[in-house]
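*Asks:* Please read through the structure below; I'll follow up with questions.
The values are calculated or read from the model by the stated rules, or taken from the named source; none is laboratory data. None of these values were measured; they are calculated from a predicted model. So basically every Cβ, Gly included, is an ideal-geometry build from the backbone, and we count neighbours across all protein chains shown.
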């Protein structure tokens, strides 16, 4: 076990890397209106560097920075994003999104209906795979550019996809948050999933209603193109897409799925003339190539679609390495414990206990940008003893933690999921910032409202307790 990280000013100071990052993110993206690499990298870099001078032991602080970067929580999403970046770039450059948009337009699918379909597709995929990141990769790689072609408001569409990813992350039996919440409360997963339908489905229903209402109020018809021309051969790319989704659902391994998807998508695009395999010193190329060589002397470079897919994830990788260092510094300085302890005075009733656990989960998951670690931090030490003390069903408490961890963790501008979804808009016709998407994260707002309503009404508080008594 690592030694506690001491700061001048006490344990609260360990929260300063996250606070500095969040504060500067609002300056660079909202005030200055930038979506560049520097608008994300500089805030988190300063967030890690400035508190260095407040650490009592500078060597231990440096070790905490490295440990945060080297953790499995950091390595897994980075590895996933690298492979997903290549797959989504091949699909984009093949013209697949233009083909889908043209096909949808020929059947009279407009911006509102397409957004509804996108939300439902994301909920189905995330429920089957249990991965929010995987859902974002699949849907943003295919549905986002297609929707932009159809004239959908980009931030509106991204919010719908993000909401669908959150739905399955909360509900899927194989989701890491589902497993974490069941483990933390020592209950079985199947009963957890069955008992949380009464929360997830109403939230999804509210989301669909809001999507239709807001979609019509946005007057997206002004964005629609009169004609959508496309090469019918681009629709053949649906084959590698479907195979990739099948592998992801079947195995739950996103790296395996996207590796196979990249190989199949690249082969399909080359065989049917949608892109070249390699171009060497080819000027004025009429189509993209998986690999390209150009330039002279020291300026000679190797790039192409595969390279573009890899480089498109650079922003996210640098950001996440530093962000997880900031999170680890907070945990090593016991900043997360200070947050939890500061809320514990409200736990004298069952309603108060559920409210406190909700705020604990929301705050920690929003700061960490991940839900499973927040659940495992709060669950065994706080939620489980409070549930026993107040006579709250452990299934109810597991569902409460899981649901609240899939709300603001997904919708706030600085979280990992938001940054990930932004990475798929870079280089498209419609790049976005997190602040643009947040207002359209209807599912996360709806789930928050549903869960606090159930706290007030006492719904689910006795789940399975009478039958197991």
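*Asks:* Report, by residue number, each residue of region 25-41 that is within 18 Å of residue 416 (Cβ to Cβ) and either out of contact with any helix residue (DSSP H, G or I) (no Cβ under 8 Å at 6 or more places or on another chain) or surrounded by fewer than 21 Cβ atoms within 10 Å (Cβ to Cβ) (or both). Give the derivation first.
*Replies:* Initial filter on region 25-41 (within 18 Å of residue 416 (Cβ to Cβ)): 25-26, 28-29, 35, 37, 39-41.
Passing the criteria: 26, 28, 35, 37, 39, 41.
*Asks:* Tell me, yes or no, whether region 7-15 has at least one residue that is at pLDDT below 80, touching a helix residue (DSSP H, G or I) at 6+ places or on another chain (Cβ under 7 Å) and not in a helix (DSSP H, G or I).
*Replies:* Residues of region 7-15 at pLDDT below 80: none.
Looking for residues that are at pLDDT below 80, touching a helix residue (DSSP H, G or I) at 6+ places or on another chain (Cβ under 7 Å) and not in a helix (DSSP H, G or I), one finds none in region 7-15, hence no.
*Asks:* Let me ask something additional. In this structure, does residue 269 turn out to be surrounded by 17 or more Cβ atoms within 10 Å (Cβ to Cβ), at pLDDT 85 or above and in contact with a strand residue (DSSP E or B) (Cβ under 9 Å, 6 or more places away or on another chain)?
*Replies:* Values: surrounded by 17 or more Cβ atoms within 10 Å (Cβ to Cβ): yes; at pLDDT 85 or above: yes; in contact with a strand residue (DSSP E or B) (Cβ under 9 Å, 6 or more places away or on another chain): yes.
The answer is yes for residue 269.
*Asks:* Every residue in region 170-180 that is at pLDDT below 90, crowded, with 24+ Cβ neighbours inside 10 Å and assigned to a helix (DSSP H, G or I), please.
*Replies:* Within region 170-180, 171, 177, 178 qualify.
*Asks:* Can you tell me which residue within region 97-116, out of those that are outside any helix (DSSP H, G or I) and either touching a helix residue (DSSP H, G or I) at 6+ places or on another chain (Cβ under 8 Å) or in contact (Cβ under 8 Å) with a residue 40 or more places away in the chain (or both), is farthest from residue 442 (Cα to Cα)? Spell out the reasoning first.
*Replies:* Let us first name the residues in region 97-116 that are outside any helix (DSSP H, G or I), namely 107-110.
Filter once more, so that each one left must be either touching a helix residue (DSSP H, G or I) at 6+ places or on another chain (Cβ under 8 Å) or in contact (Cβ under 8 Å) with a residue 40 or more places away in the chain (or both): 109-110.
Working: 109: 22, 110: 20 Å.
For region 97-116, the residue satisfying everything is 109.
*Asks:* Another question, if that's okay. Could you check region 301-371 for helices (runs of 4 or more DSSP H) lying wholly inside it with 1 or more residues that are buried (at least 19 other Cβ atoms within 10 Å of the Cβ), in contact with a strand residue (DSSP E or B) (Cβ under 8 Å, 6 or more places away or on another chain) and modelled with pLDDT of 85 or more?
*Replies:* On the way: elements: 305-311, 314-332, 335-343, 350-368.
Counting at least 1 such residues, we get 305-311.
*Asks:* Which of the numbered conditions does residue 248 fail, given that it passes all the others? Conditions: (1) out of contact with any strand residue (DSSP E or B) (no Cβ under 9 Å at 6 or more places or on another chain); (2) buried (at least 16 other Cβ atoms within 10 Å of the Cβ); (3) closer than 12 Å to residue 87 by Cα.
*Replies:* It is condition (3) that residue 248 fails.
*Asks:* So how many residues does region 90-125 have that are at pLDDT 85 or above and closer than 23 Å to residue 316 by Cα?
*Replies:* The number of residues fulfilling the criteria is 3.
*Asks:* Mind checking which residues of region 205-215 are under 22 Å from the mean Cα position of the chain (by Cα) and either part of a loop (DSSP other than H, G, I, E, B) or buried (at least 22 other Cβ atoms within 10 Å of the Cβ) (or both)?
*Replies:* Step one: list which residues in region 205-215 are under 22 Å from the mean Cα position of the chain (by Cα), which gives 205-208, 210-211.
Result: 207, 211.
*Asks:* Let me ask something else about it. Going by the structure shown, is residue 164 buried (at least 20 other Cβ atoms within 10 Å of the Cβ), part of a helix (DSSP H, G or I), at pLDDT 95 or above and under 13 Å from the mean Cα position of the chain (by Cα)?
*Replies:* On the way: buried (at least 20 other Cβ atoms within 10 Å of the Cβ): yes; part of a helix (DSSP H, G or I): yes; at pLDDT 95 or above: no; under 13 Å from the mean Cα position of the chain (by Cα): yes.
No; evaluated as a whole, the condition is false for this residue.
*Asks:* If I go through region 122-156 residue by residue, how many of them are part of a helix (DSSP H, G or I) and more than 24 Å from residue 427 (Cα to Cα)?
*Replies:* First, pick out the residues of region 122-156 that are part of a helix (DSSP H, G or I): 122-129, 132-150, 154-156.
This time we only want the ones that are more than 24 Å from residue 427 (Cα to Cα), so: 123-129.
Result for region 122-156: 7.
*Asks:* For region 69-90, check the following and say yes or no: at least one residue is in contact with a strand residue (DSSP E or B) (Cβ under 9 Å, 6 or more places away or on another chain) and buried (at least 17 other Cβ atoms within 10 Å of the Cβ).
*Replies:* yes
*Asks:* Right, another one. Yes or no: residue 419 within 15 Å of the chain's Cα centre (by Cα) and either modelled with pLDDT under 90 or within 22 Å of residue 207 (Cα to Cα) (or both)?
*Replies:* Against the criterion (within 15 Å of the chain's Cα centre (by Cα) and either modelled with pLDDT under 90 or within 22 Å of residue 207 (Cα to Cα) (or both)), residue 419 qualifies.
*Asks:* Going residue by residue through region 39-54, is there one that turns out to be within 30 Å of residue 287 (Cβ to Cβ), touching a residue at least 12 places away in the same chain (Cβ under 8 Å) and assigned to a helix (DSSP H, G or I)? Even if it seems obvious, please write down each step before you answer.
*Replies:* Of region 39-54, the ones within 30 Å of residue 287 (Cβ to Cβ) are none.
Among the residues of region 39-54, not one is within 30 Å of residue 287 (Cβ to Cβ), touching a residue at least 12 places away in the same chain (Cβ under 8 Å) and assigned to a helix (DSSP H, G or I), which makes the answer no.
*Asks:* Identify the single condition in (1) on the phi < 0 side of the Ramachandran plot; (2) more than 20 Å from the chain's Cα centre (by Cα) that residue 151 does not satisfy, given that it satisfies every other one.
*Replies:* Against the list (1) on the phi < 0 side of the Ramachandran plot; (2) more than 20 Å from the chain's Cα centre (by Cα), residue 151 comes up short only on (1).
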